[in-house]
Amino acid sequence: MLIKSPHIPIDKSKPCHFDKKKKFMNTSRRIIHIDMDCFYAAVEMRERPELANRPLAVGGASGRGVLTTCNYAARKFGVRSAMPVFKARELCPQLVIVPVRFDLYRSASKAVRAVFARYTEMIEPLSLDEAYLDVSHLKSSGSEIAQEIRAAIQSETELTASAGIGPNKLIAKIASDWNKPNGQCVVAPSKVNLFMRELSVRRIWGVGPKSSIRLAKHGIKTCAQLQTRDKTWLAQEFGSFGLELYNLCRGIDERPVEANRIRKSLSNEQTFPENLKSLENCREALSIQHRELVEELGKNAPDRRIAKLLVKLKFSDFRRTTAEMSGTQPELTRFHKLLDDAWGRSGEPVRLLGIGVRFAESDGGSEQLELGL
Ligand code: TTP
Ligand code: MG
């Protein structure tokens with residue numbers, strides 16, 4: 001998922017390249033995050049050159065009537081991913097909308113992954129269009145490697161990619177969005193502190209709209225502001241994620257690049273500032289989290305088969321319970337039923353609510369490795 005922030009001006013006139021001079025944190029790793037530019041739309045533009053210069057969006061037909069993505073010409077009108085078709089048409093009446101063709105995106109993804117594999121075995125795909133690469137062992141600089149990879153992708157697939165290069169996954173991922181499209185940004189270890197300070201908290205993975213609103217209520221918008229809060233406060237506000245936030249807002253992220261990782265499940269959970277006291281409150285919260293889950297599924301696991309649905313609750317006395325059922329579609333009514341079951345197991349108010357799916361195992365073998373970037 002790209003974590004966009006309305007707070008960050010991106011000055012593309014400035015080269016985004018920071019020197020490696022001082023070293024004061026874990027400098028031993030060099031991680032590249034590659035993210036294809038307007039991926040599904042770019043593939044469609046390549047396949048139908050007559051549409052290449054027109055505002056173009058992909059999706060809209062299935063179920064919810066929202067766009068999966070659009071090209072940069074459409075973005076100038078304010079059209080965005082996950083936008084309902086009617087809204088996109090209001091903003092850009094001349095928008096051309098084409099249906100999703102996953103087979104094409106999968107094969108483009110495979111071609112891109114073949115380029116990565118020539119440089120490193122340490123590749124962690126996040127979705128069809130993005131991956132982390134650990135290139136710490138290579139002699140050339142991260143910047144040179146990223147440049148070469150992007151050039152190879154362009155000549156072999158006619159698609160452009162953007163890259164972020166940094167000492168860890170957090171920094172690399174944020175940086176890849178910095179000079180999009182068809183650009184890259186290097187953040188040397190000595191510049192991590194500077195890079196993080198001005199950054200909106202919204203850019204940190206795991207900080208979604210709800211968490212950022214909650215932080216804003218405490219006057220916290222930037223990572224520098226978040227850095228003033230201690231671990232106890234963060235844990236009170238965000239549970240165990242609060243402790244991760246303590247490091248993340250300082251640009252510290254020790255997560256390894258996990259090669260060949262196959263996602264077994266997808267879920268999101270939320271710790272509430274005030275416990276939810278009624279089933280009705282839980283249902284409302286669950287509906288919001290359900291929308292986010294469906295969006296994440298569309299983006300990160302469009303071709304995975306769902307085997308199980310689950311709802312997890314943590315009560316005010318810290319006891320946890322998980323309700324699961326078999327299911328292949330993430331229907332809200334079924335999650336509500338799971339919530340009813342889980343809620344009925346305790347009379348306590350709810351501190352944390354999680355919603356998720358587990359994927360079918362037969363779906364996660366070598367085929368998935370082939371399909372992912
Ligand atoms: P992104 O990398 O988020 O977006 P993008 O590649 O289209 O554009 P950008 O240049 O900003 O990176 O997502 C990759 C693909 O995933 C995108 O082309 C379509 C799909 N997708 C969805 O299906 N639903 C969504 O909500 C989003 C954000 C993306
Ligand atoms: Mg992309």
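The values are calculated or read from the model by the stated rules, or taken from the named source; none is laboratory data. Because the structure is a prediction, the values reported are computed rather than measured. Heads up, the Cβs are rebuilt from the backbone with ideal geometry, glycines too, and the neighbour counts pull from every protein chain shown. Protein only, heavy atoms only, side chains kept; ligands, DNA and RNA dropped before computing areas. Shrake-Rupley method; radii C 1.70, N 1.55, O 1.52, S 1.80 Å.
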Legend entry - Near pairs, Cβ below 7 angstrom, 6+ apart or cross-chain, from region 229-255 (free of Cβ contacts under 8 Å to residues at least 12 places away in the same chain) to any residue that is assigned to a loop (DSSP other than H, G, I, E, B): N247/D253
Legend entry - Evaluation of F39 against (1) out of contact with any Leu (no Cβ under 9 Å at 6 or more places or on another chain); (2) within 24 Å of E158 (Cα to Cα); (3) modelled with pLDDT of 95 or more (one fails), failing number: (1)
Legend entry - Output for region 72-124, where each listed residue is open to solvent by less than 20 Å² (accessible area, probe 1.4 Å) and small (G, A, S): A74, A88, A108, S109
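From the list G59, G65, pick out the single residue that is away from ligand 2 (no atom under 16 Å from the Cβ), in contact with a helix residue (DSSP H, G or I) (Cβ under 9 Å, 6 or more places away or on another chain) and under 22 Å from L293 (Cβ atoms).
Details: G59 fails: away from ligand 2 (no atom under 16 Å from the Cβ).
None of the others qualify; the one that does is G65.
Across region 182-214, what is the total count of residues that are in a helix (DSSP H, G or I) and exposed (fewer than 15 other Cβ atoms within 10 Å of the Cβ)? Before the answer, list the steps.
The initial filter retains those residues of region 182-214 that are in a helix (DSSP H, G or I), namely 189-197, 201-203, 209-214.
Applying the additional criterion that residues be exposed (fewer than 15 other Cβ atoms within 10 Å of the Cβ) yields 194, 209, 213.
Residues flagged as in a helix (DSSP H, G or I) and exposed (fewer than 15 other Cβ atoms within 10 Å of the Cβ) within region 182-214 amount to 3.
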Inset, instruction - Report the residue count in region 85-130 for those that are within 30 Å of I145 (Cβ to Cβ) and in a strand (DSSP E or B). - result: 6
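Would you point out which residue out of R263, R304 is assigned to a loop (DSSP other than H, G, I, E, B), open to solvent by less than 80 Å² (accessible area, probe 1.4 Å) and over 24 Å from L67 (Cα atoms)?
Details: R304 fails: over 24 Å from L67 (Cα atoms).
Exactly one of R263, R304 is assigned to a loop (DSSP other than H, G, I, E, B), open to solvent by less than 80 Å² (accessible area, probe 1.4 Å) and over 24 Å from L67 (Cα atoms), namely R263.
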Inset, instruction - All but one of (1) over 18 Å from the mean Cα position of the chain (by Cα); (2) not in a helix (DSSP H, G or I); (3) not β-branched (V, I, T) hold for L286, so report the exception by its number. - result: (2)
Inset, instruction - Filter region 141-174 for residues that are in contact with a helix residue (DSSP H, G or I) (Cβ under 8 Å, 6 or more places away or on another chain) and farther than 18 Å from Y40 by Cα and give the result. - result: I149, A152, G164, I165, G166, P167, L170, I171, I174
